Each structure stands twice: as structure tokens, then as C-alpha cells.
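Heads up: the structure comes next, in C-alpha cells.
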């Protein structure tokens, strides 16, 4: 199982005693694989994704995410933080990267302090800068701008409580894609996207 980012074995899911949604499902996904889940309405596609996201439990069987792997899920009706505007919600997806930049700036400011341990600061600054360089964090704002533009997001300072369902979904999708989880689960991801945004999403996921 260690070669797979996610494994499910002989999985069953019941709602109540007589409604079986999933029956004897076994699957394994390699890292980087692109898998489509197809089926008619009511076939259990969303339930399967919610189980894989850790939001629901199996009735029986095994479901296992690889150790230390991260998972991100876009439901059909995603939640946004109503206390944050559009851009701030999107930035939640790259919070660890933003924290790296903030820490780098904090370290740089500390060089002006008297009696500071310069050797320790230089060592930490080098470690943080290596992470920033490796993940191209210097261009974080430009990356956010490109993603928001490609998905036709509303203005960054827009109050998310005023957004339509389609706009909320695009904001949540943008946030999730920028977070780059190891296992990315998208439930009807192209809903409310125009053709150009769908094309961008396909390129992003290649």
C-alpha cells in the first residue's frame, strides 16, 4: 500500500439499515494519477469523495490515506470564511507560503537589534530562503493574481457574503488548487466555469 497515495479495500457505505450507497469498492491511486469518477445521479460519487476526504466513515472495509499525505476536497457547495474577503479566502490556500515570507522579513528586521545572535539568524535565514526559492514564494502575489484572473474570480476586496453560488465555488476552487494537496478531490469542478477557465484548469492539472 505504501506506493499509493490512497487505498480503499472492500468498502461498503450504508445510510440506515436498508440504503446501500457503496458496495464492495476497492481502488488504489498512484501519486500524480488523474482519475475521473463517472456515474448517474445518486450513484454515490459525492459520498465516495467525502469518504476519501475523511468527512464520512465507511460502514465496513478499509480506507487509507498515505502517511503524511495531505488531502483537499472541493464539495459542490463549499464553505468560505465570511469574515474574510475574496482575496483573503484565496490566500488561506497558501498560508504556509505567506508565513515563510513573513518569517523571512522578521529575521531580516532582527539583524538591526543589539546583542542578536547573528550566526543563528544567518542559519535560519538561509533555511527559510531555501524553502522560499524552492517553492517560488517570491512570486506568490503574481501567482495568486494569475489564478484569480484565470478562474474569473470577483474583485479581491469583495465581501464573500454577497457572492453567488457560482462565484463562491470559483473562490473555493482557486484556494484549493493553490494549496496543492497530495490528493486533490474535485466534485463537479467545471460547474460555473466558462470555456476559457475550464481550459486553464485542465492545463493546471496536467
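Can you confirm whether the stretch 84-93 contains a residue that is part of a strand (DSSP E or B) and under 13 Å from the mean Cα position of the chain (by Cα)?
First, pick out the residues of the stretch 84-93 that are part of a strand (DSSP E or B): 85.
From the residues that got through so far, the ones that are under 13 Å from the mean Cα position of the chain (by Cα) too are none.
No, the stretch 84-93 has no match at all.
Among the numbered criteria (1) at pLDDT below 90; (2) closer than 18 Å to residue 181 by Cβ, which single criterion is violated by residue 50?
Against the list (1) at pLDDT below 90; (2) closer than 18 Å to residue 181 by Cβ, residue 50 comes up short only on (1).
Within the stretch 106-206, which helices (runs of 4 or more DSSP H) (wholly inside it) include 1 or more residues that are modelled with pLDDT of 90 or more and within 18 Å of the chain's Cα centre (by Cα)?
In the stretch 106-206, 140-150, 165-179 are the helices (runs of 4 or more DSSP H) which contain 1 or more residues that are modelled with pLDDT of 90 or more and within 18 Å of the chain's Cα centre (by Cα).
Given the criteria without any contact (Cβ under 8 Å) to a residue 24 or more places away in the chain and either at positive phi or touching a strand residue (DSSP E or B) at 6+ places or on another chain (Cβ under 8 Å) (or both), does residue 42 qualify? Even if it seems obvious, please write down each step before you answer.
Numbers: without any contact (Cβ under 8 Å) to a residue 24 or more places away in the chain: yes; either at positive phi or touching a strand residue (DSSP E or B) at 6+ places or on another chain (Cβ under 8 Å) (or both): yes.
So residue 42 passes the test.
Tell me whether the stretch 21-29 contains one or more residues that are over 19 Å from residue 191 (Cβ atoms) and out of contact with any strand residue (DSSP E or B) (no Cβ under 7 Å at 6 or more places or on another chain).
Start the filter on the stretch 21-29 by keeping residues that are over 19 Å from residue 191 (Cβ atoms), which leaves 21-29.
With the extra rule that they be out of contact with any strand residue (DSSP E or B) (no Cβ under 7 Å at 6 or more places or on another chain), the set shrinks to none.
No, the conditions are met nowhere in the stretch 21-29.
So which residues in the stretch 102-130 are within 25 Å of residue 92 (Cβ to Cβ) and surrounded by 15 or more Cβ atoms within 10 Å (Cβ to Cβ), if there are any at all?
Once the filter is applied, which keeps residues that are within 25 Å of residue 92 (Cβ to Cβ) and surrounded by 15 or more Cβ atoms within 10 Å (Cβ to Cβ), the stretch 102-130 yields 103, 104, 107, 128, 129.
Go through the residues of the stretch 16-35 one by one and say whether even a single one is buried (at least 16 other Cβ atoms within 10 Å of the Cβ) and within 24 Å of residue 206 (Cα to Cα). Full working, then the answer.
Here is the first cut: in the stretch 16-35, the ones buried (at least 16 other Cβ atoms within 10 Å of the Cβ) are 21-22, 25, 29.
Pick out the ones that are also within 24 Å of residue 206 (Cα to Cα) and you get 29.
Yes, the conditions are met somewhere in the stretch 16-35.
So which of 56, 77 is under 25 Å from residue 20 (Cα atoms) and in contact with a strand residue (DSSP E or B) (Cβ under 9 Å, 6 or more places away or on another chain)?
56
The values are calculated or read from the model by the stated rules, or taken from the named source; none is laboratory data. Given the structure is predicted, the values throughout are model-derived calculations rather than measurements. Quick reminder, even Gly has a Cβ in these numbers, built from the backbone with ideal geometry, and neighbours come from all protein chains shown.
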